[in-house]
Amino acid sequence: MVAYEPLRRWSAETGANPGPYLERGPVFVHASPCGGPAAGEPGYLGEAERVFRRYDRDGRILGGRRIDRGETHREVFAEMFADPGVALVHVRAVEYGCFLYEARRDSA
């Protein structure tokens, strides 16, 4: 059994306290090798429905939304990071809420 806490590393690096949002979930591992996404590109960009969840710099959820078919992940990230209070966005599967990947605000 392998598990992952999506907010653990980010909160340790930033000092955020995600409180009850510090969840643990399963990790699904490919049975055989795969190429993965191209360098610099996020994974899971297919047509599957996704939920984007926004967090502030203290680790609190600011809300989120379901991606509409035809929208790109880049468009939704741009929309969410237009809010200066958003520090982190999680992308999750709609069906079970499984964490897929995250995008962080550039701190530079």
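The values are calculated or read from the model by the stated rules, or taken from the named source; none is laboratory data. On a predicted model such as this, the values are computed, not experimentally measured, just so you know. Glycine gets a Cβ as well: all are built from the backbone with ideal geometry, and neighbour counts include every protein chain shown. Just the protein is used for accessible areas: all its heavy atoms, side chains included, with ligands, DNA and RNA removed. Shrake-Rupley method; radii C 1.70, N 1.55, O 1.52, S 1.80 Å.
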Leading residue at positive end of dipole, the chain (Cβ point charges), from 89, 64, 18:
18
Give the value in nm², to one decimal: projected area of the alpha carbon convex hull of the chain, averaged over all directions.
7.9
For segment 1-105, what is the accessible area per residue in Å², given a 1.4 Å probe and the full set of protein chains?
65
Expressed as a whole percentage, what fraction of the accessible surface of the chain belongs to carbon and sulfur atoms when a 1.4 Å probe is rolled over the protein heavy atoms?
53
